[in-house]
Amino acid sequence: MQLKNVKNPANALFTERISIRKYDPSVKISKEEMSAILQDAMTAPSSFNLQPWRFFVIDSDEGKEMIKPYMMFNQLQWETCSAIIAIYGDMENYSYADKILSANVDNGLMTEEYKQKMLEIMMAYGASYTEERLKNSIFMDCGFVTMQLMLSAKSYGYDTNPIGGFMRKEFTEALGLDAKRYIPTLLLSIGKAAEEAKDTVRFSVDEITEWR
Ligand SMILES: Cc1cc2nc3c(=O)[nH]c(=O)nc-3n(C[C@H](O)[C@H](O)[C@H](O)COP(=O)(O)O)c2cc1C
């Protein structure tokens with residue numbers, strides 16, 4: 001089997017998401033709608049439900065001008081999109097374990113006893129992490145939320161393009177973030193498509209799967 005264009009109409013949720021790089025620049029997304037898109041995406045799973053993702057929605061003219069020099073070869077998306085969403089990971093995610101667990105208790109989703117047990121397990125587990133392991137875990141969680149963000153945007157009628165090609169250090173400095181705490185994972189351009197979607201190929205299952 002060879003690389004092929006994969007389309008299963010039954011899986012429209014997956015196949016309708018496709019990278020768009022040229023958007024209608026006149027389209028603005030309201031803060032309310034953007035918040036709804038983000039909130040829906042945040043149903044994503046994360047390690048211990050610590051939700052380490054942090055979003056920076058850059059949709060003002062000033063904000064976009066500020067990040068322009070760091071967009072590398074992704075100028076078309078920058079120029080035409082309604083917003084660039086920067087997805088960062090918070091390396092101090094374990095510091096809000098108590099807050100999240102307490103909210104579970106407040107919402108009747110777990111008992112105080114269970115919360116204390118979980119907190120102990122989580123903090124011991126977190127303490128055993130090397131920085132690299134923590135970073136990997138945060139990258140994975142941010143990947144999940146970014147995938148959902150792309151699908152969420154699509155469900156609100158918008159298109160996206162994940163962008164890994166940007167100057168991370170400079171971008172983070174421009175946002176005024178503590179680079180030790182906040183790690184840049186990916187940018188996402190979002191807007192209304194102004195070009196035909198270009199299909200891409202995928203490996204066949206046989207090429208990349210082993211059955212044992
Ligand atoms: C981590 C990551 C980084 C990417 N970086 C860029 C980028 O810098 N510029 C770009 O135009 N597309 C970028 N893409 C989009 C991929 O090229 C695209 O997803 C892939 O070719 C498949 O096409 P599709 O998204 O239309 O299905 C990136 C995708 C991922 C997942």
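Summary table
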item: Residue match in region 113-134 (condition: of a type in the set (Val, Ile, Thr), in a helix (DSSP H, G or I) and loosely packed, with under 13 Cβ neighbours inside 10 Å); result: yes
item: Residue list for region 170-191, filter: within 16 Å of the ligand (Cβ to nearest atom) and either farther than 20 Å from Gln148 by Cβ or acidic (Asp, Glu) (or both); result: Glu170, Phe171
item: Count - residues of region 61-71 that are touching a strand residue (DSSP E or B) at 6+ places or on another chain (Cβ under 9 Å) and surrounded by fewer than 19 Cβ atoms within 10 Å (Cβ to Cβ); result: 3
item: Count - residues of region 146-172 that are charged (D, E, K, R) and either within 22 Å of Ser26 (Cα to Cα) or in contact with a His (Cβ under 6 Å, 6 or more places away or on another chain) (or both); result: 2
item: Region 17-40 residues that are farther than 16 Å from Ser189 by Cβ, paired with ones that are within 16 Å of the ligand (Cβ to nearest atom) (beta carbon under 7 Å, 6 or more apart); result: Asp40/Ser152
item: Segments classed as helices (runs of 4 or more DSSP H), wholly inside region 1-111, with at least 3 members that are modelled with pLDDT of 95 or more and within 16 Å of the ligand (Cβ to nearest atom); result: 75-80
item: Pick from region 192-212, criterion open to solvent by 80 Å² or more (accessible area, probe 1.4 Å), acidic (Asp, Glu) and more than 12 Å from the ligand (Cβ to nearest atom), ranking: farthest from Asn74 (Cα to Cα); result: Glu210
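The values are calculated or read from the model by the stated rules, or taken from the named source; none is laboratory data. None of these values were measured; they are calculated from a predicted model. In this analysis, Cβ positions are derived from the backbone assuming ideal geometry, glycine residues included, and neighbour counts consider all displayed protein chains. Ligands, DNA and RNA are stripped out before the accessible areas are found, and what is left, the full protein with its side chains, is counted by its heavy atoms. Shrake-Rupley method; radii C 1.70, N 1.55, O 1.52, S 1.80 Å.
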